[in-house]
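Just dropping this structure here.
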C-alpha cells in the first residue's frame, strides 16, 4: 500500500476500514480536547498566560509535535529498535482473524477510548489516553480470542507498556521534585521580583515545550493505530502485514490527518480540566509551574526515545505532585491527587471492558 488512494480503494472492499479510519480521527480530536489541556494547565493557573492564548499555543505545539514524530519516527525506530507508533502497532497479533474482524475490533477499541474519555471529562478529571488506547485495543483483541480467532498480545510491546505505565508514575514525581529543589537552591539569594518575572516568561516557553511533547507522544500512538488499519487493508490486497507495519512508519498520508485532527481538537479548550489539573492537586508558584513543565517534558522525551507509550496526563500530574512536595508536603492535596491517579488506573480495565463488550455485540448482531 503505497498511496492514500490505495488505502481508500481497499476501504471500498472493506467498509470497516472507513469506519476505523473515521473513529481514529474522532479519537484524535477527543485527545486534543481532553488531554491537550494538561500541557498548559500550570501556566494558566499561575496566570503566566491567558487561557485563550494558552489554548492556541497548545494547539500549535501539538501540531508541530505530531509533524516532527511523523517525519522522524522511522529514524527513531532504527536508532533504538522501535518507536511509540510501532509499539502500538505491535500490541496485538491478530492471528487468523479476517480483515473485517480486525477492523471491527480496532473500531470498537477506539470507541472505548471515546466513552472513557467523555466520562472523565464529565467529572473534570484528565483522562489517560494511553491507558484507554491500550486497554480498548487489548480488550477488543481479547474478544477476538474469545470467539476463536486466535489473536494474541505481543510480549515485547507489553513489556514496554508496563515499563511506561510504572515509569510515568515514578519519573514525573522524581523529576518534578528534584528540578523544583534545584531551582530553590539556585534562586534562594536572588531578587524575588526578577525571578518572578523570569519564571512568568519562562512558563510560556516551558508550556509550549510541554504542548510540543504531548503532540509527539500522543500523536505517535494514533499514528500507530492508523498504521494497523492501513497494514490490515494492505494485507487484504496481497501485501505482507509485518512488512507493511514497518514500511508505513513515517509515511506522510499516515500522520497528516492525525496532525490536523489533534490541532482542531486542542482548540476546543478543555477549560474544566485545566482548572482541575492546575489547582486541584497543589497550589503552585510560578517557579514550580516552570519546573513541572520541564520535568514532564523530559519524562515524555525519554519515553518517546525508547518507544514507551506513556500517559502525558499521568506524567504531568506526578510532576505537579513532585513540584508541590518539594516546597511542602502539606501544600499537596493528596486526596485529589489520589483520585486523579485512581482514574488513570481505572481507565485501563474500563476501556478494555468496553472494547471487549463492543466487539462481542457487533459479532453477535452480525451473526
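A short reminder: the numbers here are calculations on the coordinates, not readings from a lab. What you are looking at is a predicted structure, and each value in this text was computed from that prediction instead of being measured. Here Cβ is always computed from backbone atoms with ideal geometry, including for glycine, and neighbour counts include all displayed protein chains.
What's the center-to-center distance, using Cα atoms, between region 8-48 and region 155-174 in Å?
Between the Cα centre of region 8-48 and that of region 155-174, the gap is 23 Å.
Right, here's the next one. Return the FRET efficiency for the residue pair residue 170, residue 241: r is the Cβ-Cβ distance, R0 is 41 Å, and the value is rounded to the nearest 0.05.
0.70
Testing the spin-label approximation: label points 7 Å from Cα along Cα→Cβ at residue 146 and residue 18. State their distance in nm.
Taking the two extended label points, one gets 2.9 nm.
Helix 252-266 versus the longest principal axis of the chain: what angle, 0 to 90°, nearest 10, using Cα atoms?
Helix 252-266 and the main axis of the chain meet at about 50 degrees.
Give me the angle, in degrees from 0 to 90, between the Cα long axis of helix 129-146 and the longest principal axis of the Cα atoms of the chain, rounded to the nearest 10.
20 degrees
Gaussian network model of the chain, Cα springs within a sub-10 Å range: biggest mean-square fluctuation belongs to which of 207, 236, 328?
Evaluated over the chain, the most mobile residue of the options is 328.
Okay, next question. Can you compute the modelled spin-label distance between residue 189 and residue 2, with each label point 7 Å from Cα toward Cβ, in nm?
6.8 nm
Follow-up. Nearest 0.05, what FRET efficiency do residue 9 and residue 342 give at R0 = 51 Å with Cβ-Cβ as r?
Approximately 0.65, to the nearest 0.05.
Highest GNM mean-square fluctuation, the chain, Cα pairs closer than 10 Å: which of 220, 302, 291?
302
Rounding to the nearest 10 and keeping the result within 0 to 90°, find how far the Cα-based axis of helix 334-366 lies from the longest principal axis of the chain.
10 degrees
Moving on to the next point. For the chain, set up a Gaussian network in which alpha carbons nearer than 10 Å are linked by springs, and say which option among 137, 67, 56 fluctuates the most.
Highest fluctuation among the options: 56.
Shifting gears a bit: What do the square roots of 5 times the Cα gyration tensor eigenvalues come to for region 4-366, in whole Å, largest first, as semi-axes of the equivalent ellipsoid?
37, 19, 17
Same structure, new question: So what is the 222 nm mean residue ellipticity for the chain from helices alone, if each DSSP H run of at least 4 adds -39500 (n - 2.57) and you divide by all residues, rounding to the nearest 500 deg cm²/dmol?
That calculation yields -27000 deg cm²/dmol at 222 nm.
What distance in nm separates the simple spin-label points at residue 335 and residue 305, each placed 7 Å from Cα in the Cβ direction?
With each label point 7 Å from Cα toward Cβ, the separation is 4.1 nm.
Follow-up. Starting with the highest mean, order 103-110, 345-352 by the number of other Cβ atoms within 10 Å, averaged over the residues of each peptide.
Result, highest mean first: 103-110, 345-352.
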